[in-house]
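To keep things clear, I will list the structure first and then write my remarks on it.
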Amino acid sequence: MTVYPVVVRGRLDEPLSGWLWLVKWLLLIPHYVVLAFLWLGFFVVSVVAFFAILFTGRYPGGLFEFNVGVLRWTWRVGYYGYGALGTDRYPPFTLAEDPTYPAGLEVRYPDRLSRGLVLVKWWLLAIPQVLIVGAFSTGGYVAHGVTSSGERWYVQMPGLLSICVLIAAVAVLFTRRYPGGLFDFVIGMNRWALRVTAYVALMTDAYPPFRLDQGPNEPPDREPEDSA
């Protein structure tokens with residue numbers, strides 16, 4: 001079976017604090033500031049990589065490693081914070097992989113990339129995947145209207161991922177334990193979103209599977225070929 005090149009792991013790090021999740025938004029402010037600049041760099045690097053792939057069929061190695069690092073950093077922050085709440089261990093400030101941290105991400109470097117696909121995969125081919133990921137990540141508007149003064153109002157339903165993490169947070173608050181099945185589902189949704197992000201960012205030509213691979217690790221038959 002084909003090995004997908006984006007590998008996402010997330011080990012549940014129990015016991016979890018019953019109250020720490022209430023202030024993680026505050027603790028993560030330094031990471032949010034750094035990530036704002038990193039994602040600006042991610043966008044610029046992706047544009048440069050687009051033209052490099054278009055003319056040479058290759059993604060410059062240094063730029064590739066930077067963008068992998070940004071995805072990895074983002075995943076660690078999301079795993080600690082409100083993307084999963086899977087650990088109370090503060091994320092490290094580094095682009096490099098930290099094997100000791102409960103969350104990690106790797107993307108296998110492609111030797112060659114299609115010069116034709118680079119023109120369409122990041123928008124046209126990715127549309128079905130982006131719609132699915134958007135549905136469980138950001139939700140949508142469930143009601144709207146206009147007030148008597150002419151102002152529009154909206155009610156937005158949170159995404160499925162946010163709802164699941166909120167349920168987990170309440171469970172942790174009272175039991176200090178994360179419901180196992182819910183954790184696997186949350187990791188699966190994050191894994192799908194990160195695969196799509198890597199594809200849209202031109203880091204692979206392998207189309208993300210329409211599959212929710214749940215659990216802390218990639219399925220055994222999808223582990224990287226060189227993994228130990």
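If you go through the stretch 112-122 and pick out every residue that is over 16 Å from PRO209 (Cα atoms) and either at pLDDT below 95 or surrounded by 17 or more Cβ atoms within 10 Å (Cβ to Cβ) (or both), you end up with 2. For the stretch 76-102, filtered to residues that are under 13 Å from HIS31 (Cβ atoms) and aliphatic (A, V, I, L, M), the residue that is surrounded by the most Cβ atoms within 10 Å (Cβ to Cβ) is VAL77. Here VAL133, VAL165 are screened, and the one residue that is of a type in the set (A, V, I, L, M, F, W, C), at pLDDT 95 or above, within 17 Å of the chain's Cα centre (by Cα) and assigned to a helix (DSSP H, G or I) is VAL165. In the set (1) out of contact with any Pro (no Cβ under 9 Å at 6 or more places or on another chain); (2) touching a residue at least 40 places away in the same chain (Cβ under 8 Å); (3) outside any helix (DSSP H, G or I), the condition left unmet by GLY215 is number (2).
From the list THR94, THR74, THR87, THR100, exactly one residue is assigned to a helix (DSSP H, G or I) and polar (S, T, N, Q). Which is it?
On the way: THR94 fails: assigned to a helix (DSSP H, G or I); THR87 fails: assigned to a helix (DSSP H, G or I); THR100 fails: assigned to a helix (DSSP H, G or I).
Every option except THR74 fails the conditions.
Can GLY41 be described as out of contact with any Cys (no Cβ under 8 Å at 6 or more places or on another chain), under 24 Å from LYS121 (Cβ atoms), surrounded by fewer than 18 Cβ atoms within 10 Å (Cβ to Cβ) and in contact (Cβ under 8 Å) with a residue 24 or more places away in the chain? It is true that GLY41 is out of contact with any Cys (no Cβ under 8 Å at 6 or more places or on another chain), under 24 Å from LYS121 (Cβ atoms), surrounded by fewer than 18 Cβ atoms within 10 Å (Cβ to Cβ) and in contact (Cβ under 8 Å) with a residue 24 or more places away in the chain.
The rows are residues; the columns are (1) in a helix (DSSP H, G or I); (2) at pLDDT below 95; (3) surrounded by 11 or more Cβ atoms within 10 Å (Cβ to Cβ).
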position	(1), (2), (3)
LEU26	yes, no, no
VAL45	yes, no, yes
PHE51	yes, no, no
ARG58	no, no, yes
GLU65	yes, no, yes
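Can you name the residue in the stretch 185-228 that is aliphatic (A, V, I, L, M) and surrounded by fewer than 16 Cβ atoms within 10 Å (Cβ to Cβ) and is also modelled with the lowest pLDDT among such residues? Write out each step before concluding.
So the first thing to find is which residues in the stretch 185-228 are aliphatic (A, V, I, L, M), and the list is 186-187, 189, 193-194, 196, 198, 200-203, 206, 212, 228.
Those still in the list that are surrounded by fewer than 16 Cβ atoms within 10 Å (Cβ to Cβ) too: 212, 228.
Numbers: LEU212: 92, ALA228: 36.
Taking the candidates together, the pick is ALA228.
Of the numbered criteria (1) over 25 Å from VAL47 (Cβ atoms); (2) modelled with pLDDT of 95 or more, the one MET157 fails is (2).
Anything in the stretch 103-126 that is among the aliphatic types (A, V, I, L, M) and either outside any loop (DSSP other than H, G, I, E, B) or touching a helix residue (DSSP H, G or I) at 6+ places or on another chain (Cβ under 6 Å) (or both)? List them, or say none.
Just the residues of the stretch 103-126 that are among the aliphatic types (A, V, I, L, M), to begin with: 103, 105, 107, 113, 117-120, 124-126.
Within the stretch 103-126, ALA103, LEU105, VAL107, LEU113, LEU117, VAL118, LEU119, LEU124, LEU125, ALA126 qualify.
Name every residue in the stretch 1-22 that is surrounded by fewer than 13 Cβ atoms within 10 Å (Cβ to Cβ) and either within 23 Å of PRO179 (Cα to Cα) or modelled with pLDDT of 95 or more (or both), in order of residue number. Of everything in the stretch 1-22, those that are surrounded by fewer than 13 Cβ atoms within 10 Å (Cβ to Cβ) and either within 23 Å of PRO179 (Cα to Cα) or modelled with pLDDT of 95 or more (or both) turn out to be PRO15, TRP19, LEU22. Test ARG72 against the stated conditions and say whether it is surrounded by 14 or more Cβ atoms within 10 Å (Cβ to Cβ) and under 19 Å from the mean Cα position of the chain (by Cα). It is true that ARG72 is surrounded by 14 or more Cβ atoms within 10 Å (Cβ to Cβ) and under 19 Å from the mean Cα position of the chain (by Cα).
Scanning the stretch 28-38 for residues that are of a type outside the set (Gly, Ala, Ser) and surrounded by fewer than 16 Cβ atoms within 10 Å (Cβ to Cβ) yields ILE29, PRO30, TYR32, VAL33, VAL34, PHE37.
The values are calculated or read from the model by the stated rules, or taken from the named source; none is laboratory data. Nothing here was measured: the structure is a model prediction, and the numbers come from that model. Because the Cβ atoms are built from the backbone with ideal geometry, glycine has one as well, and the counts that use them run over all protein chains shown.
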